[in-house]
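The values are calculated or read from the model by the stated rules, or taken from the named source; none is laboratory data. Predicted, not measured: the structure shown is a model, and the values here were computed from it. Cβ coordinates were reconstructed from backbone atoms using ideal geometry, including for glycine residues, and neighbour counts include every protein chain displayed. Note: accessible area is taken over every heavy atom of the protein model, side chains too, but ligands, DNA and RNA are not part of it. Shrake-Rupley method; radii C 1.70, N 1.55, O 1.52, S 1.80 Å.
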Amino acid sequence: MSARRYDWVLFDLDETLFDFPANEALLALLEQIGLAPDEGLIGEYKRTNHALWEQFNAGDIDSHSLQSRRFCTIGAAADRCPLELNRLFLEQIVAISRPLDGVLETLAQLRQAGVGMGIITNGFSAPQRGRLQRHELEHWFSPLVISDEVGVSKPRGEIFQHALAALPHISRERVLMVGDNPQTDIGGAVAAGLATCWYDPHFNEALCQPTHRIHHFSELANIVLG
């Protein structure tokens, strides 16, 4: 029997391993295409984007529809193709995004201890894979399950089952899901029968009932290694 408490850790990506600097990327995009950072234009984009993501996570639209529609207003203002703007925005995300504090050190510690690591993330392939590749981390994670590629999003159970099916034949009690979102990460993993660790750097109210709760990423090593 392993001395570790968990043999595998499945991570969320956005705001768990990496930041997702959407505001900075949007401002960089507007500068890139020669538009002033108009508050009305930005506000309209954010409202549209939020509504489309809700539809996407509910399974009402696909990723192509989301990406082709969310930049329509900005595209009209700049006389640019919305899908081209989406591509440029995601490129800015990859360029600007960085691992969160303590992530690289903790991942290295877990890897050195022989802990298996995977990712389950809601998002698009380009920025998710692009950020891991940019920081030479893509080979640290297997499986890498991206909602855009498998056609189902957290918190739905199918995406967790997809990841679990790719793991060796080990007990679910030896697998830990780590994420910052109480509903999609923690709630979805609990429903899938997994132990959970809520990464809560902002000391929020108890919005879920995880197995573990950490406020700095470095605290994860002691939980996993026991």
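Across the range 49-86, the number of residues qualifying as hydrophobic (A, V, I, L, M, F, W, C), crowded, with 17+ Cβ neighbours inside 10 Å and closer than 17 Å to A22 by Cα comes to 5.
Selection of the range 1-28 for residues being in a helix (DSSP H, G or I) and in contact (Cβ under 8 Å) with a residue 24 or more places away in the chain yields A22, E24, A25, L26, A28.
Of H50, H64, all but one fail to be free of Cβ contacts under 8 Å to residues at least 24 places away in the same chain and closer than 24 Å to Q133 by Cβ; the exception is H64.
Check whether at least one residue in the range 187-195 is over 20 Å from P143 (Cα atoms), modelled with pLDDT of 95 or more and buried (at least 17 other Cβ atoms within 10 Å of the Cβ), and report yes or no. Yes, there is a match, as at least one residue in the range 187-195 is over 20 Å from P143 (Cα atoms), modelled with pLDDT of 95 or more and buried (at least 17 other Cβ atoms within 10 Å of the Cβ). Total residues in the range 133-160 satisfying the condition of being in contact (Cβ under 8 Å) with a residue 24 or more places away in the chain, of a type outside the set (S, T, N, Q) and open to solvent by less than 60 Å² (accessible area, probe 1.4 Å): the figure is 14.
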